[in-house]
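Data first, discussion second: the structure below is written as structure tokens.
Where a number appears in this text, it was derived from the coordinates with a stated rule and is not lab data. The structure presented is a predicted model; accordingly, all values stated were derived computationally and were not measured. Positions of Cβ are backbone-derived with ideal geometry, glycine not excepted, and every protein chain shown enters the neighbour counts.
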Ligand SMILES: Nc1nc2c(c(=O)[nH]1)N[C@H]1C(S)=C(S)[C@@H](COP(=O)(O)O)O[C@H]1N2
Ligand SMILES: [Mo]
């Protein structure tokens, strides 16, 4: 609605009051927490008002007409503007990277760059600096001048009040190129309680799910079910929303990798219907190995790791 956009711009113009306008070293912060961009970025550093204002204003509708809509910039645009560093010697290196958002209370939320990128997941996240109730916009007052929200997540999804740091990293997977074979089993390891190796028979023994992507019908096992129910995520119950700070790396037999954040697939988060597929149109996948990762809502199939050999679950380190 146009009125919301005008209000959003008015709030954006008031941003210098909310965010630091300079980033001089040694300056005492006027607020208890500032948002800093760090890691594999050409232009990291403090997120100033000028930086936020340079980005397109986006809004995220509230759950009901009475609940607040959030106003801000997309997390993707903020990171993209800061110059994402990509190793061009690695194929699709962007998809082997993630951003971890840390709140002032230490809470962490992981976003894969694949889910944020408009070319792949196109769920760009929101760095909100204002809210709007029934068309009247005002700066965020509670829980920090900005908040990071996965606007596509369902209730209970990733939401970091008072974010102090967004760090971009390559995944922690160190699996070498396994030798470009036709895969016949996938090893699931890392932060799961019952790590194991699954061949075709083991996958077929789990509940089957079907997803249509483009013109194809894929049959397989829900990635969330496999990790959370079959293997058991090794979450720490003392850490609130611990799974939000975790991610899984799929590796193919040619060394191709893709990161999926657990927040993407958690039914209480992004609720994405991603599967480990072993049939395409009712027939074995074969040439692409015995199994392949399928992310039905990705705009292109680059994360559809074929000849799957490994799924490694990681907790993003602090
Ligand atoms: N293991 C592995 N999987 C991979 C790739 C790869 O190089 N290695 N390429 C990806 C890319 S870039 C694309 S476009 C799709 C192609 O899948 P399709 O042949 O089903 O279209 O596979 C994806 N899966
Ligand atoms: Mo591709």
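Observations on the model:
- In the distance distribution for the chain, Cα-Cα pairs more than 38 Å apart total 18 percent.
- Structure remark: mean-square fluctuation, Gaussian network model of the chain, C-alpha springs under 10 Å; the largest value among 212, 292, 158 belongs to 212.
- The stretch between residue 105 and residue 53, if pulled fully straight at 0.36 nm per residue, gains 16.1 nm over its current Cα-Cα span.
- Among 213, 259, 188, 309, the ranking by other beta carbons within 10 Å of each residue's beta carbon, starting with the fewest, stands as 213, 188, 309, 259.
- Value of relative contact order over the chain, rounded to a whole percent, pairs C-alpha under 8 Å and six or more apart: 18
- Projected label distance in nm at residue 271 and residue 217, using a 7 Å step from Cα toward the beta-carbon: 2.5
- Taking every Cα-Cα distance in segment 32-160 and sorting them into 10 Å bins starting at zero, the pair-distance distribution P(r) comes out as 12, 44, 34, 9, 1 percent.
- Based on alpha carbons, the Rg and Dmax found for segment 153-290 are 16.0, 49 Å.
- Against the chain, whose longest principal axis is taken from its Cα atoms, helix 2-13 shows a tilt of about 70°.
- On the beta carbon distance between residue 197 and residue 229, with R0 = 22 Å, the FRET formula returns roughly 0.80.
- Choice from 283, 104, 69 with maximal GNM fluctuation in the chain (Cα, 10 Å cutoff): 283
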